[in-house]
Structure formats: structure tokens, C-alpha cells
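In what follows, a single structure is set out as C-alpha cells and then discussed.
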Amino acid sequence: MAEANAYYTLADEFAKITARSVFLTGKAGTGKTTFLRRLKEETQKQIAVVAPTGVAAINAGGVTMHSFFQLPFTPFVPTAEGRRNLISKIKMSTSRRKLMQELEMLVIDEISMVRADVLDEVDAVLRYFRYNQAEPFGGLQVFFIGDMYQLPPVVQGDEWNILSQFYQTPYFFHSKVIQQCSPLYIEF
């Protein structure tokens, strides 16, 4: 139990004190949801919580990734042209733009369900609206929370025909942005 508490404390310190991105994982019942709830209550940082599905978003006390970032439901091609095409389709309000710029932490819950291309879309949107093309996620700290042994990302055959040209697998850890900058791994 002391070891579990040490990892909890480590994750808490990385969340509150640093700007380092973290992949927080662990089996069911190890405290990931408890950690997220406490983080939302205790952090002084401007935080947004998103998840890949409506049910996951409700459970996490957040919103869907597609809603928050105004992402299309079509596969994303991680090229310069694909990024330009994505940004040209997003009609973001002034208040949402301001929120993107003021965010200090993004929490993505149920990360096992997030496709690689969707995470690269999030990266493209944040780099653009945070005016920071040089850094992953526009310099934003990201907490990825989830159990990779639970639900996998959903990808249809025709979608994978497109995406397989750019990604080794549909899992988030094969996204271009994670390949560029791996998060710290903490397992409860």
C-alpha cells in the first residue's frame, strides 16, 4: 500500500508542480478515477477534462474531445495539408480561443479508446490556437489517464485503410505527437 501511495504522490506532484505530460495507468480499482476527482478539486491550474465518448466524458466530469476541440468524425491525415484542412474547418468562438490559450493542463480520460489520429488532431488544434507550433500540444501539459487493457480505439476497416499509411497501430501511443515527446509513465 505504501508503494501505491508513493506513486499517487508522485503523480500528484507532477500534476501540481510541473508542466510535464504524464501517462497515468493502472488496473481497475487502483485509484485513477479518485486521482482525477481530487486533481480537479485541488489543482490551482486552469484545467480541462475530455474523453473520447459521451459516457466516458460524463464519468470523468468533462466533455468529449470532439466537442471541446470541434473535431470532425473523419480520419485525420497527419500531414501539413491535413493540418491546414483541419484548421480551416474549425470555427472557434472568441471565448473558446481564449480558453485554449489560458489552459494550463488538459486531462484525457479513457486514453485507451483514443485513436492516434485523433490525438494528432488535438495536437494540431492546440499548436494553432495557442500560437505555439514548436511544442507538442502547444506547450500544454497533458495528463493521459487510462488502462490499456480495457477498451481499444474504434477504427473501421475503411478508416484503417487510410490511417495505416501513417500509423503503426490505431493506439494513441503511436500518434506522431507522442512519438515526438513521450509522457512520463506512472502506473498505480
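Within the straight-line cut-off of under 29 Å between alpha carbons, the lysines reachable from Lys27 are Lys16, Lys40, Lys45, Lys176, sequence neighbours fewer than 8 places apart in one chain being disregarded.
At 222 nm, what helix-only mean residue ellipticity would the chain give, in deg cm²/dmol to the nearest 500, using -39500 (n - 2.57) for each DSSP H run of four or more? Numbers along the way, then the final one.
On the way: 9 runs with 84 residues, N = 188.
Theoretical 222 nm ellipticity from helices: -13000 deg cm²/dmol.
Inverting the pair-averaged 1/r between distinct Cα atoms of region 1-65 gives 12.8 Å as its Kirkwood hydrodynamic radius. Between the helical axis of 80-89 and the longest alpha-carbon principal axis of the chain there is an angle of about 90 degrees. Using alpha-carbon positions, what is the distance between the centroids of region 108-171 and region 12-38, in Å? One Cα centre to the other: 19 Å. The apolar share of the surface of the chain, taken as the fraction of accessible area on carbon and sulfur atoms (1.4 Å probe, ligands and nucleic acids excluded), comes to 53 percent.
Need one number: convex hull volume per residue for region 110-188, Cα atoms only, in Å³.
Details: hull volume 7.7 nm³, N = 79.
So the per-residue Cα hull volume is 97 Å³.
Full extension of the chain between Ser93 and Thr169 gives 24.0 nm of extra length, using 0.36 nm per residue less the Cα-Cα distance.
The angle separating the long axis of helix 32-42 from the principal Cα axis of greatest extent in the chain is about 90 degrees.
Under 19 Å of direct C-alpha separation, and excluding same-chain neighbours fewer than eight residues apart, Lys91 reaches these aspartates and glutamates: Glu81, Glu102, Asp120, Glu121, Asp123.
When DSSP beta bridges are limited to those with both residues in the chain, what percentage is antiparallel, rounded to the nearest 5?
Working: 1 of 19 bridges.
Given both bridge residues lie in the chain, the antiparallel proportion sits at roughly 5 percent.
With angles folded into 0 to 90 degrees, how steeply does helix 116-129 sit against the dominant principal axis of the chain? Use alpha carbons for both and round to 10. With rounding to tens, the tilt is 80 degrees.
Roughly speaking, what is the stretch gain from Ala19 to Glu81, that is 0.36 nm per residue apart minus the C-alpha to C-alpha distance, in nm to one decimal?
On the way: separation 62, 0.36 × 62 = 22.32 nm, distance 2.99 nm.
Value of the extension gain: 19.3 nm.
If you put +1 on each Lys and Arg Cβ and -1 on each Asp and Glu Cβ, how big is the dipole of the chain around its Cα centre, in Debye rounded to 20?
Values: 19 positive and 19 negative charges, 124 e Å.
About 600 debye.
For region 58-142, what does the alpha-carbon gyration tensor say about shape, rounded, prolate or oblate, given a ≥ b ≥ c as the root eigenvalues, a/c under 1.5 as rounded, and a/b over b/c as prolate? Cα axes put region 58-142 in the rounded bin. On a per residue basis, region 43-126 carries 43 Å² of accessible surface, using protein heavy atoms and a 1.4 Å probe. Computed over the chain, the quotient of the alpha carbon radius of gyration and 2.2 N^0.38 Å is 0.99.
The values are calculated or read from the model by the stated rules, or taken from the named source; none is laboratory data. Remember, it's a predicted structure, so these values are computed and weren't measured experimentally. Because the Cβ atoms are built from the backbone with ideal geometry, glycine has one as well, and the counts that use them run over all protein chains shown. Ligands, DNA and RNA are excluded from the accessible area calculation, which covers all protein heavy atoms including side chains. Shrake-Rupley method; radii C 1.70, N 1.55, O 1.52, S 1.80 Å.
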